[in-house]
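Take a look at the structure set out below.
The values are calculated or read from the model by the stated rules, or taken from the named source; none is laboratory data. What you see is a predicted model; the values in this text were computed from it and never measured. Ideal geometry is used to build each Cβ from the backbone, glycine not excepted, and the neighbour counts take in all protein chains shown.
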Amino acid sequence: MTRTLSLAIAALLGMSGTALSAGKIKAPSPEQLEKGKGLFTVNCVPCHGEKGDGSGPAAVALNPKPRNFAKEPFKQGTKPDEVFKSISTGVKDTPMVGFAHLSEEDRWALTHWVLTMVPQSGKAGGKKKGK
Ligand code: HEC
């Protein structure tokens, strides 16, 4: 389990050189990812599902439905600052509300956790390619 987590972190750190430093965002620490995961479980899983595939129990009732983070393109982008913004202000006219009531620190933790579910092969996050 710890091993899987370190692998995920290693993968994330791999991309941090480009995307993260460009936005002057520090690479996530293991603690930050743990925190993001916990916050995601509490605040987001009912709609997004544990794996971010949009299979949460509440998703059936939603329109539009939450996308599969791993497979479908994001409307508002998958750069860390774009995901942070989506989490902070939501997506207009959808059930995806903003979570500005969470601290910035919490929203960054969530951002990094969401990004662990987005394939890092291309910036488009979900440009269908292979997987
Ligand atoms: C009430 C259900 C609901 C909850 C709770 C919810 N979301 Fe969403 N979320 C959605 C829906 C629906 C969409 C898709 C909106 C669309 O297609 O435009 C979405 C979209 C997104 C997107 C993609 C935005 C884009 O650019 O396309 C991100 C990132 C996201 N949510 C993160 C989160 C996080 C993190 C949380 C928890 C803090 C969360 N969501 C909680 C329903 C929810």
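Values as computed for the structure displayed
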read-out	value
Tabulated pairs, the range 75-99, first over 14 Å from residue 112 (Cα atoms), second near the ligand (Cβ under 6 Å from one of its atoms), C-beta under 6 angstrom, 6+ apart or interchain	76/86; 90/96; 94/64; 95/62; 99/87
Odd one out for residue 89, checked against (1) at pLDDT 95 or above; (2) farther than 20 Å from residue 27 by Cβ; (3) crowded, with 16+ Cβ neighbours inside 10 Å	(3)
Hits in the range 47-98 (condition: polar (S, T, N, Q), more than 7 Å from the ligand (Cβ to nearest atom) and touching a Phe, Trp or Tyr at 6+ places or on another chain (Cβ under 8 Å))	88
